[in-house]
Amino acid sequence: MTSFARAERAALADALLAAGPDAPTLCEGWATRDLAAHLVLRERRPDAAAGILIKPVAGHTKQVQDRLAAGDYTALVEKVRTPAPFVRPAFAEEAVNLVEFFIHLEDVRRAVPGWAPRELPEAYARALGARVKGSARLSARRFPARIVVRSPGPQSTAEPIVEPFTAGKGDPDPARQVTVEGDPGELLLFFTGRQAAADVELTGPEDLLERLRGARLGM
């Protein structure tokens, strides 16, 4: 089984090392050392990882993450590079980390001027595309308008990478809906709260587009 996540893990570790511990990221309030600490905590500290999603225990999560971030940066990145036992099988790595590592590598790459979207192999784009609908529908579930999401794929094939679908909960009136179109990775970035850094095309009423650009999307 091809593990795109395993290759992305290595690329992310390389990017973290190249950037150094205090470089900016797209994650608000986090430098690269904080992002690396988050990745290690998520994979190796189940006692603290719950606080990523569960607010009552978020304080413990922050304490653990801050301690990790304050340690030796090179050693911390080496832990990012080395899969924890439960994700060493390729199928587990792909299930748990495919989107995580793509998003966080872009968090490092796109936080500095001069970045450009990567050209992903079609197989990788389709693997990411399989995650787009669930991500978009979950993150935009409260958005008060219908969002049409499209990823048409390369011109060489008529088959879209992601079949068009809708998200949001607004009026089905076509005059009051917005369209978000882009490659699967760009759609994942957009619908995980990184709208300003996602290379997507938006169409629709300007008031709704402005609201969508500033919406708090993601988990």
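In table form, for the structure just shown:
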| quantity | calculated |
| --- | --- |
| Quotient of C-alpha Rg and 2.2 N^0.38 Å, computed over region 26-132 | 1.14 |
| Taking the chain and dividing mean pair separation by its residue count, relative contact order in percent (alpha carbons under 8 Å, at least six apart) | 18 percent |
| Rounded, prolate or oblate (a/c below 1.5 giving rounded, otherwise prolate when a/b exceeds b/c) for region 145-219 by Cα gyration tensor | oblate |
| Gain on full stretching of the segment that runs from ARG213 to ASP199 - 0.36 nm per residue minus C-alpha separation | 3.8 nm |
| Region 88-198, relative contact order in percent, only Cα pairs under 8 angstrom and at least six apart counted | 26 percent |
| Using a Förster distance of 25 Å, the FRET efficiency for GLN63-GLU28 (Cβ separation, nearest 0.05) | 0.85 |
| Using a Förster distance of 41 Å, the FRET efficiency for GLU163-ILE54 (Cβ separation, nearest 0.05) | 0.80 |
| Equivalent ellipsoid semi-axes, region 1-86, via Cα gyration tensor eigenvalues times 5, rooted, Å | 20, 17, 11 |
| Gyration tensor verdict on region 69-219 (Cα atoms; rounded if a/c is under 1.5, prolate if a/b is larger than b/c, oblate otherwise) | prolate |
| Projected label distance in nm at ALA123 and GLU78, using a 7 Å step from Cα toward the beta-carbon | 3.2 nm |
| Alpha-carbon Debye profile of region 71-139, log10 I(q)/I(0) at 0.11 Å⁻¹ | -0.37 |
| Distance (nanometres) between label positions extended 7 Å along Cα→Cβ at ALA95 and ALA130 | 1.2 nm |
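All of the numbers you see were taken from the coordinates with simple rules; none came from a lab. What you are looking at is a predicted structure, and each value in this text was computed from that prediction instead of being measured. With ideal geometry, Cβ positions are generated from the backbone for all residues, glycine too; neighbour counts draw on all protein chains shown.
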